[in-house]
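Structure record follows, encoded as structure tokens.
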Amino acid sequence: MRPDDHAAHAPGRAALVMGGSGETLSYRALAEGSRALAARMRAAGLRSGDHVAMLLENRAEMLIAAWAAHRLGLHYTPINWHLQSDEIGYILDDCGARLLFASPALAARLAPGAGAALELRIAVGACAAGAALPSGYTDLDDFIGDAVATADTVSYETEGGPMFYSSGTTGRPKGIKRALSGTPFGQPPSWEAVIYDTFDIDPHTVYLCPAPLYHAAPLSWSMAVQRRGGTVIVMESFDPQEALRLIEQYRVTHAQLVPTHFVRMLKLPKSERQRHDVSSLRYAIHAAAPCPVEVKEQMLAWWGPVIHEFYGCSEGIGFARIGPQEWLTHKGSVGKPSLGKALILDEAGVRQAPGQPGQIWFEGGGDFAYHNDPAKTAGAHDAAGRTTVGDIGYLDEEGYLYLTDRASHMIISGGVNIYPQEIENVLIQHRCVGDVAVIGVPDEEFGEQVKAVVIADGGTAGPELADELIAWCRERLAGFKCPRSVDFVDELPRLPTGKLLKRQLRQRYWPAAQP
């Protein structure tokens with residue numbers, strides 16, 4: 001299906017509502033706007049297989065631009081605007097975009113000379129905000145001009161797709177490129193069908209998107225909901241109280257969150273948590289990082305049996321999911337794979353027994369390539385055609401998958417493998433921990449030792465709290481896993497999606513060894 005199909009029989013239905021401003025985009029406006037923009041891009045010479053980029057905050061035009069690119073059969077890359085100027089420029093140059101959509105504020109962050117392949121730069125929101133038009137840019141409204149949104153476009157509309165970039169946890173981010181299907185616009189990829197069927201997405205769905213649209217899941221799921229005629233509520237930025245207010249106000253049925261969102265909501269005063277009606281929720285779906293068991297138990301006690309979890313990745317190589325009742329009998333699991341078969345292999349490629357951790361590989365799932373990086377692409381595939389993104393986990397006797405960490409995060413201390421996620425899950429439960437990262441730091445005797453880097457919340461940062469946190473771990477973990485030291489910081493390098501950039505953190509302790 002297409003947004004156009006819903007515009008035909010329910011033109012006034014809200015396709016999108018901005019949570020803060022209340023700005024509403026109807027299905028008629030979404031369909032006509034994206035169709036007209038696609039027509040203009042085609043008139044400018046863009047053809048299926050070409051590339052465009054978007055440097056935009058969470059705003060309605062982001063979805064119009066994404067749908068326009070999608071229906072024209074283009075690759076489109078949303079760029080993380082939290083990156084530094086040179087990092088943004090790197091992605092823009094690496095993807096080879098011919099056209100860039102950018103707001104005036106974010107366009108100002110581009111370094112001179114960035115985007116050598118760009119033929120068009122489109123400013124989004126300049127006129128509405130009364131902002132000056134950046135040099136070299138055309139205003140979006142002027143670019144669309146008098147394009148006829150109802151023109152026959154069937155002859156050239158084919159399914160496009162996103163090319164998201166990895167967050168660069170181990171070096172420069174890489175574009176995750178999947179082949180375009182070439183099918184007519186309106187025939188979605190198979191992974192969307194998994195979402196629809198698993199989570200009952202239909203025209204009655206009201207979906208809360210609390211994360212940046214430049215990230216894979218928020219944008220892809222928002223567009224999936226709009227394919228089915230539901231309404232997407234987009235938060236300009238995440239705030240735990242505001243998220244609860246929006247769930248109540250719009251009677252949200254589906255929300256997609258990450259464990260960090262859960263932790264921040266759970267740390268609200270009890271009175272704040274209880275004064276919002278969240279009974280409309282049917283699916284509170286979380287992913288992106290392993291969720292501490294205690295955190296999920298608290299969310300289930302608060303919201304009831306609506307907490308669902310899935311495991312996937314931007315590479316699209318596999319998909320697993322688990323519902324609330326099933327999770328209670330398999331706590332900590334992300335479920336059984338439903339797209340692709342999961343295998344656990346050691347470093348030599350030997351299959352691991354149930355309960356034994358190793359690298360997670362998938363066979364029979366989707367395929368991909370890392371753009372402009374054949375070596376990295378080859379490293380994610382083996383001779384048998386299996387694929388991996390470097391996650392570590394294990395399967396139990398029943399075939400349920402459990403995540404441990406990423407291979408790149410593993411600490412090797414005295415020859416023993418230690419996975420930081422397990423330690424982080426323990427520390428985040430302490431009343432004085434607002435956020436935490438666990439990394440390996442240099443140790444003359446053991447090679448690496450475990451260090452916790454903590455944002456203190458409700459306690460005084462210092463030696464006494466450090467000792468208390470180490471003791472807290474020793475009560476709950478084997479001694480070799482416990483931090484040898486604790487550092488306190490005001491901020492951790494974490495993306496709004498909840499993903500922690502450990503490469504940046506490790507650079508403070510291993511400056512000569514980091515890429």
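The values are calculated or read from the model by the stated rules, or taken from the named source; none is laboratory data. All of these numbers come straight from a predicted model, not from anything done at the bench. Positions of Cβ are generated from backbone atoms using ideal geometry, with glycine treated the same way; all protein chains shown enter the neighbour counts. To get the accessible areas, we keep the full protein, side chains included, count just its heavy atoms, and leave off ligands, DNA and RNA. Shrake-Rupley method; radii C 1.70, N 1.55, O 1.52, S 1.80 Å.
Residues 422, 347, ordered by accessible area of protein heavy atoms at a 1.4 angstrom probe radius and largest first, appear as 347, 422.
Kindly work out what percent of the DSSP beta bridges joining two residues of the range 280-399 are antiparallel, to the nearest 5.
Details: 16 of 19 bridges.
Around 85 percent of the beta bridges assigned by DSSP in the range 280-399 are antiparallel ones.
Within the full protein context, the accessible area of residue 394 is estimated at about 70 Å² for a probe radius of 1.4 Å. Rounded to whole Å, the principal axis extents of the Cα atoms in the range 309-352 read 36, 23, 13, largest first.
Might you report the magnitude of the Cβ-based charge dipole of the range 152-268 about its Cα centre, with Lys and Arg at +1 and Asp and Glu at -1, to the nearest 20 debye?
Numbers: 10 positive and 11 negative charges, 111 e Å.
With Lys and Arg at +1 and Asp and Glu at -1, about 540 debye.
When the Cα positions of 16, 103, 131 are compared along the charge dipole of the chain, 16 comes out farthest toward the positive end, with charges on each C-beta of Lys, Arg, Asp and Glu. Stokes-Einstein diffusion for the range 95-135, with the hydrodynamic radius set to the Kirkwood value over Cα pairs and evaluated at 20 °C in a medium of 1.002 mPa s, equals 200 µm²/s.
For the chain, what proportion of DSSP beta bridges, expressed in % and rounded to the nearest 5, is antiparallel? Walk me through the intermediate numbers first.
On the way: 44 of 81 bridges.
Of the beta bridges lying entirely in the chain, close to 55 percent run antiparallel.
Volume per residue, Å³, of the convex hull around the alpha-carbon atoms of the range 366-494? Could the numbers behind the result be given before it?
Details: hull volume 22.4 nm³, N = 129.
Spread over its residues, the Cα hull of the range 366-494 gives 174 Å³ apiece.
A Cβ-based charge dipole, computed about the Cα centre of the range 241-280 with Lys and Arg at +1 and Asp and Glu at -1, lands at about 140 debye.
Using heavy-atom solvent-accessible surface (probe 1.4 Å) with all chains present, what is the largest-first order of 480, 310? Don't skip to the end; give the middle numbers.
Details: 480 115, 310 25 Å².
Correct descending sequence by accessible area is 480, 310.
Here residue 299 sits with roughly 0 square angstrom of accessible surface, probe radius 1.4 Å.
Across the range 9-138, counting alpha-carbon atoms alone, Rg and Dmax equal 14.7, 47 Å. Think of the chain as having a plus end and a minus end, set by charges on the Cβ of Lys, Arg, Asp and Glu; of 389, 328, 6, 6 sits farthest toward the positive end of this dipole.
Hey, if we sort 133, 219, 477 by accessible area with the 1.4 Å probe, largest down, what's the order?
Values: 133 90, 219 0, 477 25 Å².
These residues rank, largest area first, as 133, 477, 219.
Placing +1 on the Cβ of every Lys and Arg and -1 on the Cβ of every Asp and Glu, with no other charges, gives the chain a dipole of roughly 440 debye about its Cα centre. Remark: for residue pairs 341/451; 174/331; 331/481; 177/481; 270/336, the C-alpha separation exceeds 31 Å in 341/451; 174/331; 177/481; 270/336.
Taking every protein chain into account, the 1.4 Å probe leaves residue 28 with about 130 Å² of accessible area, to the nearest ten. Here the extension length gained between residue 396 and residue 5 equals 136.4 nm, from 0.36 nm per residue of separation less the Cα-Cα distance. Under the criterion of Cα pairs below 8 Å and six or more residues apart, the relative contact order for the chain equals 10 percent.
Stokes-Einstein diffusion of the range 306-453 at 25 °C, 0.890 mPa s viscosity, Kirkwood radius from Cα pairs, rounded to a whole number: 146 µm²/s.
Pull up the DSSP beta bridges for the range 1-124 and report the antiparallel fraction as a percent, rounded to 5.
Numbers: 3 of 15 bridges.
Around 20 percent of the beta bridges assigned by DSSP in the range 1-124 are antiparallel ones.
Computed over the range 170-221, the quotient of the alpha carbon radius of gyration and 2.2 N^0.38 Å is 1.42. Rounded, prolate or oblate, given the Cα gyration tensor of the range 237-325, with a/c below 1.5 counting as rounded? Verdict is prolate for the range 237-325. Distances between every pair of Cα atoms in the range 267-381, grouped in 5 Å steps from 0 to the bin holding the largest one, split as 2, 10, 16, 18, 17, 13, 9, 7, 5, 3, 1 percent.
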